[in-house]
1. Within the range 121-141, does at least one residue satisfy the condition of being touching a Gly at 6+ places or on another chain (Cβ under 8 Å), in contact (Cβ under 8 Å) with a residue 12 or more places away in the chain and open to solvent by 40 Å² or more (accessible area, probe 1.4 Å)?
2. If I157 passes every condition in (1) surrounded by 14 or more Cβ atoms within 10 Å (Cβ to Cβ); (2) of a type in the set (A, V, I, L, M); (3) without any contact (Cβ under 8 Å) to a residue 40 or more places away in the chain but one, which one does it miss?
3. Among (1) assigned to a helix (DSSP H, G or I); (2) open to solvent by 30 Å² or more (accessible area, probe 1.4 Å); (3) over 22 Å from W91 (Cβ atoms), where does N16 come up short?
4. Being closer than 29 Å to M76 by Cα and open to solvent by 40 Å² or more (accessible area, probe 1.4 Å) is the filter; apply it to the range 107-120 and report the residue that is farthest from the chain's Cα centre (by Cα).
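The values are calculated or read from the model by the stated rules, or taken from the named source; none is laboratory data. Here the structure is a predicted model, which means the values were calculated and not measured. As a convention, Cβ positions derive from the backbone with ideal geometry for all residues, glycine included, and neighbour counts pool all protein chains shown. We work out accessible area using only protein heavy atoms, side chains counted, and drop any ligands, DNA or RNA first. Shrake-Rupley method; radii C 1.70, N 1.55, O 1.52, S 1.80 Å.
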Amino acid sequence: MTNSIVSGAGILKSINIPGSFFVISLLSSSLINFFLSLIPFAFLMFFLGAKFQFSLLCIFPIIILFTSFTYGLGLMLASLNVFYRDVNMIWLSFSPAIFYATPVAYAIDIVPEKWRVYYKLNPLAQFMEAIHHVIYNGLWLSWTELAILLFWSCLSIYVGTSVYNKLEKGFVSNL
């Protein structure tokens, strides 16, 4: 996502189009791919004996909030990458560390209690914990959990659009 504006340089130079469209298009295609991957996941859950629970419907607000969080982060990184091309290389080096610091394949319970306060500062950990809460535990999210996810999403969009609006004027001249 960090290269989305830079990779669309030819279009951006020839047509007056906002650079944010490149981030939105990449995010939209990833979201469609994600929803298509949920189909075999649902069949797999059914064949492995998992019961459908209405709490699974809570996954959609989480996906919407996570998508908006990703949009803000991607917009910020893509905007910075236009001016500082090392942003992409730093992100590619940093993202595996983020993956291992996020409970994608493990539960937060294995993290020692004294480290959980720092662990919860990772916004991705909050999103993954919410997904685990809904899928594995079959529970609805509390209003507090939804408020935390909403906070991270709004903060990401605010920072991303602020950086984008500040840098957008110089995109064409720096591509």
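1. no
2. Only one criterion in (1) surrounded by 14 or more Cβ atoms within 10 Å (Cβ to Cβ); (2) of a type in the set (A, V, I, L, M); (3) without any contact (Cβ under 8 Å) to a residue 40 or more places away in the chain is unmet by I157, namely (3).
3. Of (1) assigned to a helix (DSSP H, G or I); (2) open to solvent by 30 Å² or more (accessible area, probe 1.4 Å); (3) over 22 Å from W91 (Cβ atoms), only one is false for N16: (1).
4. Step one: list which residues in the range 107-120 are closer than 29 Å to M76 by Cα, which gives 108, 115-120.
From what's left, open to solvent by 40 Å² or more (accessible area, probe 1.4 Å): 115-118, 120.
Values: W115: 23, R116: 21, V117: 21, Y118: 20, K120: 16 Å.
So the residue we want is W115.
Residue-wise test of (1) under 15 Å from Y136 (Cα atoms); (2) open to solvent by less than 90 Å² (accessible area, probe 1.4 Å); (3) assigned to a helix (DSSP H, G or I).
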position: L44; (1), (2), (3): yes, no, yes
position: G49; (1), (2), (3): yes, yes, no
position: C58; (1), (2), (3): yes, yes, yes
position: I64; (1), (2), (3): no, no, yes
